[in-house]
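Working notes for the structure below.
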Amino acid sequence: MPSTFSRRDLRVLFVTPEVYPLSKTGGLGDVSAALPAALRALRVDVRLLIPGYPQVLSGLKYKRKIAKFDTLSQFPPATLLSAKLPVNASTSVPVFIIDCPGLYQREGGPYLDESGQDWPDNGLRFGLLSKIGAILASDDSPLAWHPHIVHCNDWQSGLVPAYLNFHSGEKAASLMTIHNLAFQGIFPPGSVAQLGLPSDSFNMQGVEYYGNISFLKAGLYYCNHISTVSPSYAKEIQSEPLGFGMQGLLLTRRKSISGIINGIDTTEWNPTSDPHIPRTYTSNKQSTKAINKKALQLAMGLDVDPDIPLFGAINRLSHQKGCDILLQVALELIKIPAQLVVLGSGMAELEVELTTLSKTYPTKIAATIGFNEKLSHLIEAGADGFLMPSRFEPCGLNQMYSQRYGTPPVVHATGGLLDTVVDCTPATLADGSASGFLFNDMTADDFLKTIHRAVTAYHNKKIWRRLQKNCMAKDFSWQASAVSYREIYLSLLSSPNIS
Ligand code: ADP
Ligand code: GLC
């Protein structure tokens, strides 16, 4: 690695399995676009490394071949391409793409096949992402561009720090960001040889995790620093139950863990200029928000009624997101009366239950199963309130989008939800910080009580207006958090890995 350094030269390789708008299954896709763009605005030279799924290759117009990897242990041959990812009108981020048809050129999602099952070769698919990430971060790199830091995201890039650990030459320091500890990248012990890792790395002080290999554990064990996406989640993962078995390791590394709250892309998610919604609006023009409510009710086949409170929810229909308790309160919610619109896809039984509910009460409950970026913007703009009863939430982006759109969220007090939503009380209304409603017990009962609190506030026009104004005045931009990441990168420059 370069021996002279000025702050302006800081170079970072950001390794991620998904990036918006090329490929997105959740918040990591959004973060992988917006954080590098914010870091580049701070003059950090960040470049992405992503797998060449079909939609990535077709979504990037000008690509150059810059390297070939033909002989990497048991991985199929791959080519490295270089391109620019347009993040928004004013920013683009350089991106390296791994073109490996044998592993990435297929229909289906980045992690799951068309029937919703994990791809059986995910170990190899993300082993290759990690392997090439580690090569580009070491003096084995075929490129002239050498990063000081390799920033890994979630289990799919977890083997980067492991490969680097076993590289004896010069190498970048590594930061491992946990976006969700529940996904651990676990594969059978036989993968160790297949991935070209030394056999003696398969032990507790290494990549082994309860008899298997875990990519995430490997990353957390070997990286120089760990971060996660909110201060509260950084604490929660150091004990049960949210440590998901990794709490012991995380406790021993607690001095190397930072909790940095995610920001949002305030250009992409901006009610004053959003091209996806029928009518843009500012916090002073709430009457135009009502036009979006009507459009949403019409589009979803709900009764068109400006006065009934309309709640939205958008998520991966999963245990994490608490969809089961959302379903449990749905019938009580419509009796209040209120309306519910849900957009999501995920667990088959939750999809079926939601669809059945919406067919039974079509004018009160609407469910759209699938992934629909445009509709997600309309829901943020058209709903009155937003529901996020997540069991756990490392950060969560939708509660920030909804506040920015003047749609106060009702959230479980956990992780990033706790850090970004201020409960509405007389005191917080008086000091101007109230921005939503929090509930503590992960029960349908407590959730419903809190929805009732929100509805009572909704019917008091003065209180609701104040709440909406507070929400829309909050700064959720990446600026402050990007500075925190840059501070971590700079602190790692003194790491023994870097000359
Ligand atoms: P997670 O990453 O755990 O799914 P986040 O709140 O961080 O949760 O981010 C979820 C992102 O994915 C948001 O941008 C949200 O709008 C989007 N999203 C989730 N489900 C859908 C869907 N069915 N259609 C469109 N966007 C969705
Ligand atoms: C994960 C988390 C979510 C977080 C996102 C981006 O998917 O579940 O809470 O916002 O990553 O960091």
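What to note about this one:
- Stokes-Einstein D in µm²/s, Kirkwood radius over Cα pairs - segment 374-448 at 10 °C with 1.306 mPa s viscosity: 127
- Rotationally averaged projected area of segment 1-127 (alpha carbon convex hull; nm²): 8.9
- Considering every alpha-carbon pair of segment 283-473, the percent of pairs per 10 Å bin, from zero through the bin containing the longest distance, is 10, 41, 39, 9, 0.
- Surface/4 estimate of mean projected area, convex hull on alpha-carbon atoms of the chain, nm²: 22.2
- Distribution of pairwise C-alpha distances over segment 89-167, 10 Å bins, in %: 16, 42, 30, 11, 0
- Cα centroids of segment 397-413 and segment 43-104: 34 Å apart.
- The chain - charge dipole about Cα centre, Lys and Arg +1 at Cβ, Asp and Glu -1, debye rounded to 20: 1540
- By the compact-protein rule of thumb, 2.2 N^0.38 Å, the alpha-carbon radius of gyration of segment 229-280 corresponds to a ratio of 1.80.
- In terms of the mean number of neighbouring beta-carbon atoms within 10 Å, the peptides 218-228, 134-144, 407-417 order highest first as 407-417, 218-228, 134-144.
- Cα-Cα over 30 Å, subset of K235/K461; K293/K449; K68/K374; K289/K335; K293/K359; K24/K65: K235/K461; K68/K374
- Tilt relative to the chain, helix 444-458 - C-alpha long axis, 0 to 90 degrees, to 10: 60
- Mean residue ellipticity (222 nm) of the chain, computed from DSSP H runs ≥ 4 via -39,500 (n - 2.57), nearest 500: -10500 deg cm²/dmol
- Applying the Kirkwood pairwise sum to the alpha-carbon positions of segment 125-257 produces a hydrodynamic radius of 14.7 angstrom.
- Along the axis of the charge dipole computed for the chain (Cβ charges of +1 for Lys and Arg, -1 for Asp and Glu, origin at the Cα centre), the listed residues H148, V411, F244 are led at the positive end by H148.
- Here F392, F187 are placed in order of increasing Cβ neighbour count within 10 Å, fewest first, which gives F187, F392.
- The distance linking segment 281-335 with segment 165-213 is 43 Å (Cα centroid to Cα centroid, whole angstrom).
Every number in this text was worked out from the coordinates using simple rules, so none of it is lab data. On a predicted model such as this, the values are computed, not experimentally measured, just so you know. All Cβ positions, even for glycine, are placed from backbone atoms using ideal geometry, and neighbour counts span all protein chains on display.
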